[in-house]
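Below you'll find the structure, written out as structure tokens, and then a few comments.
The values are calculated or read from the model by the stated rules, or taken from the named source; none is laboratory data. This is a predicted model, so every value here is computed, not measured. No Cβ is skipped: glycine too gets one built from the backbone with ideal geometry, and neighbour counts run over all protein chains shown. Protein only, heavy atoms only, side chains kept; ligands, DNA and RNA dropped before computing areas. Shrake-Rupley method; radii C 1.70, N 1.55, O 1.52, S 1.80 Å.
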Amino acid sequence: MKRSAINDIIREADAFIRSFGYIMPPFAYWSPQEAKARQADSAAVFTSRLGWDITDYGQEKFRELGLFLFTVRNGRYEDMKKGMGMLYAEKIMISRKDQLSPMHRHNIKAEDIINRGGGKLVLELFMHDRDGGIDPKAEVSVPVDGTIHRLPAGGLLKLDPGQSVTLLPGVWHAFWAEGKDVLIGEVSTVNDDLTDNVFREPIGRFSNIDEDVAPIHLLVSDYEKWLG
């Protein structure tokens, strides 16, 4: 993706999020220079990989295959091992109309996916087999706001604004917005996008960036390169 396109997506996403009354935290608006200057007093922002995340999964077709994410808060796996501390994470996301977030699962993360507004959020769901792969026959059972919904393998679950689904580790899911763009909330256990995403297809988690202009804000995938 071109950095100029990423900058445009950030501006558009910020306006879309604000239109629902959701206000981003102050660190969302740090310039790259300010982010670098804040490394000492705000280290957790960077070590927990909080911030902007725009991905086309390395496929160079963001409008068809992609997702906007912003990680608002995130704990540490070390605390999960102890069973105490900050064991949770929160994201705000945008799925554009008919934009696919591809089939994947998580080994550790359990998550609530919430339709915060816009169109319908459609999820294609499968259970996992003994080896962690997709079970093409098993019935899918997931709680939607506490009420169990049962679907055939590969069934489509459609969430209206205000509805949410709980996905436990191992549940395969792909999703997209139907009708209109959707603002998505995610509340989960500790999130690790570097190691805890298993995709059905051999694709990447992050975008390859063409630095045609300077970034207005850094992405989480920029931190190592830009901040060291």
Exactly one of 158, 137, 180 is closer than 21 Å to residue 104 by Cα, part of a strand (DSSP E or B) and open to solvent by 30 Å² or more (accessible area, probe 1.4 Å), and that residue is 158
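For residue 214, indicate whether it is touching a Lys or Arg at 6+ places or on another chain (Cβ under 9 Å), surrounded by 20 or more Cβ atoms within 10 Å (Cβ to Cβ), farther than 28 Å from residue 86 by Cα and modelled with pLDDT of 95 or more.
Values: touching a Lys or Arg at 6+ places or on another chain (Cβ under 9 Å): yes; surrounded by 20 or more Cβ atoms within 10 Å (Cβ to Cβ): no; farther than 28 Å from residue 86 by Cα: yes; modelled with pLDDT of 95 or more: yes.
Judged against the criteria, residue 214 is not a match.
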Note on region 93-111: residues assigned to a strand (DSSP E or B) and open to solvent by less than 50 Å² (accessible area, probe 1.4 Å) are 93, 94, 95, 101, 102, 103, 104, 105, 111
Looking across region 73-92 at residues that are touching a residue at least 24 places away in the same chain (Cβ under 8 Å) and in a helix (DSSP H, G or I), the single one that is nearest to residue 13 (Cα to Cα) is 77
Residue 70 meets each of (1) of a type outside the set (Ser, Thr, Tyr); (2) open to solvent by less than 60 Å² (accessible area, probe 1.4 Å); (3) touching a helix residue (DSSP H, G or I) at 6+ places or on another chain (Cβ under 9 Å); (4) assigned to a helix (DSSP H, G or I) with one exception, condition (4)
The residue that is farthest from residue 55 (Cα to Cα), considering only those in region 6-19 that are touching a residue at least 40 places away in the same chain (Cβ under 8 Å) and open to solvent by less than 40 Å² (accessible area, probe 1.4 Å), is 17
